[in-house]
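Visitor: Attaching a single structure in structure tokens format; questions to follow.
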Amino acid sequence: MLIDAHHHLWKFDPVQYGWIDDTKAVLQRDFLAPQLREIATENSIDGFVSVQARQSIQETRDLLAIAEREPLIQGVVGWLPLAGPGLAEAIEEFAGRAKLVGLRHVVQDEPDDRFLDGAEFNEGVASLAARNLVYDLLVYPHQLPAAIDFADRHQDVRMVLDHIAKPVVSTQRFDETWKRDFTELARRDNVTCKFSGVATEVRDPSWDIETVRPYWDVAMEVFGPERLMFGSDWPVCLLATEYSRWLATVRELASTLSDQEQAAVFAGNAIREYRLNSPRTRGGN
């Protein structure tokens, strides 16, 4: 079985997706269920976790509507206003939507390095445990110290770190500061990690498996095969790599693992953390 734990869908609109500017022309088109089915067929993917690409309740509604019609989408990580009085009402709207498996905020774009310390935001995140929802953690390396404290405050909330926290990937210099803080975050048992979005962080003119191998080695060392999962970050990955190339790269990196360990990385860990294909309770405060 192969589960892609991180991909995006959108009907392209230059206003709604302002971050997709002309430097990312390859992304300036629709990526919806038909395109996803093509990717699944070409790469023998059994299921996907769809992740929000803009901070909009409407996008969360749209992703869930697509997921309810498309069996390949086994879970949705959406966006809801975690900070502020609108959360309870928003949570109530989505109560009982089994494919809503988690929430995410685009912390990487917040100008405050300590955004994750915000009282209202933490109150919202604390409510996720009772609803059996995961929090996807999207940060840059300089935000990892705040993420460490954040994970300590919410030990009962399952967290998934996206894109190994986006280190600067280069054959010229290894990101030692990232390694230090990334390793510290990995000591928190409530945090798992996606090996995704790495190719787009390469600063060299081109990349190959040896470019990303040092970052795989660190991620595998500190999270282990029981807390690391495969993700493509498609279609954003198209800025640096075709889907099939990224999948082949991670398969080769994981080839030294046992069959059981590979099964965990490529499916089992995502199924466990996101509670895919299982009923979820949306009770609690």
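The values are calculated or read from the model by the stated rules, or taken from the named source; none is laboratory data. This structure is a prediction, so every number in the text was calculated from the model and none was measured. In this analysis, Cβ positions are derived from the backbone assuming ideal geometry, glycine residues included, and neighbour counts consider all displayed protein chains.
For every residue, the table says whether it meets (1) within 24 Å of D4 (Cα to Cα); (2) in contact (Cβ under 8 Å) with a residue 40 or more places away in the chain; (3) surrounded by fewer than 18 Cβ atoms within 10 Å (Cβ to Cβ).
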position: V169; (1), (2), (3): yes, yes, no
position: Q172; (1), (2), (3): no, no, yes
position: E184; (1), (2), (3): no, yes, yes
position: S196; (1), (2), (3): yes, yes, no
position: W207; (1), (2), (3): yes, no, no
position: W216; (1), (2), (3): yes, no, no
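Matching residues to (1) modelled with pLDDT of 95 or more; (2) hydroxyl-bearing (S, T, Y); (3) surrounded by fewer than 20 Cβ atoms within 10 Å (Cβ to Cβ):
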site: I66; (1), (2), (3): yes, no, yes
site: W79; (1), (2), (3): yes, no, no
site: P85; (1), (2), (3): no, no, yes
site: E93; (1), (2), (3): no, no, yes
site: H105; (1), (2), (3): yes, no, no
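Visitor: Moving on. With respect to R114, determine if the residue is under 26 Å from L276 (Cα atoms) and of a type outside the set (V, I, T). Even if it seems obvious, please write down each step before you answer.
Guide: Details: under 26 Å from L276 (Cα atoms): no; of a type outside the set (V, I, T): yes.
No; evaluated as a whole, the condition is false for this residue.
Visitor: Considering each of T41, T60 in turn, give the residue that is of a type in the set (S, T, Y) and loosely packed, with under 14 Cβ neighbours inside 10 Å.
Guide: T41
Visitor: Right, next: Out of the residues in segment 226-245 meeting the condition of being part of a loop (DSSP other than H, G, I, E, B) and over 17 Å from the mean Cα position of the chain (by Cα), tell me which one is farthest from Q35 (Cα to Cα). Reasoning before the result, please.
Guide: To start, the set of residues in segment 226-245 that are part of a loop (DSSP other than H, G, I, E, B) comprises 226-227, 231-233, 235, 240-242.
Now narrow it down to the ones that are over 17 Å from the mean Cα position of the chain (by Cα): 240-242.
Details: A240: 18, T241: 16, E242: 14 Å.
Restricting to residues being part of a loop (DSSP other than H, G, I, E, B) and over 17 Å from the mean Cα position of the chain (by Cα), the top hit is A240.
Visitor: If you scan segment 35-64, which residues turn out to be among the acidic types (D, E) and either under 17 Å from I91 (Cα atoms) or without any contact (Cβ under 8 Å) to a residue 12 or more places away in the chain (or both)?
Guide: Listed by number, the residues that qualify are E38, E59, D62.
Visitor: Confirm whether A248 is out of contact with any helix residue (DSSP H, G or I) (no Cβ under 7 Å at 6 or more places or on another chain), at pLDDT 95 or above and assigned to a helix (DSSP H, G or I). Working first, answer last.
Guide: Numbers: out of contact with any helix residue (DSSP H, G or I) (no Cβ under 7 Å at 6 or more places or on another chain): yes; at pLDDT 95 or above: yes; assigned to a helix (DSSP H, G or I): yes.
So A248 fits the description; yes.
Visitor: For segment 192-209, which residues satisfy the criterion of being farther than 12 Å from I164 by Cβ, in contact with a strand residue (DSSP E or B) (Cβ under 7 Å, 6 or more places away or on another chain) and not in a loop (DSSP other than H, G, I, E, B)?
Guide: Correct list: V202 only.
Visitor: Among the listed residues L144, L116, L161, identify the single one that is crowded, with 22+ Cβ neighbours inside 10 Å, within 20 Å of V49 (Cα to Cα) and not polar (S, T, N, Q).
Guide: L161
Visitor: From the residues in segment 6-52 that are over 25 Å from D136 (Cα atoms) and among the charged types (D, E, K, R), which one is modelled with the lowest pLDDT?
Guide: So, considering only residues that are over 25 Å from D136 (Cα atoms) and among the charged types (D, E, K, R), the one modelled with the lowest pLDDT is D22.
Visitor: Let me ask something else. So the check is Cβ under 6 Å with 6+ separation or different chains; which pairs have a first residue in segment 224-245 that's closer than 18 Å to K24 by Cβ and surrounded by 22 or more Cβ atoms within 10 Å (Cβ to Cβ) and a second one that's hydroxyl-bearing (S, T, Y) and at pLDDT 95 or above?
Guide: Note: pairs meeting the criteria are S232/Y243; D233/S196; W234/Y243.
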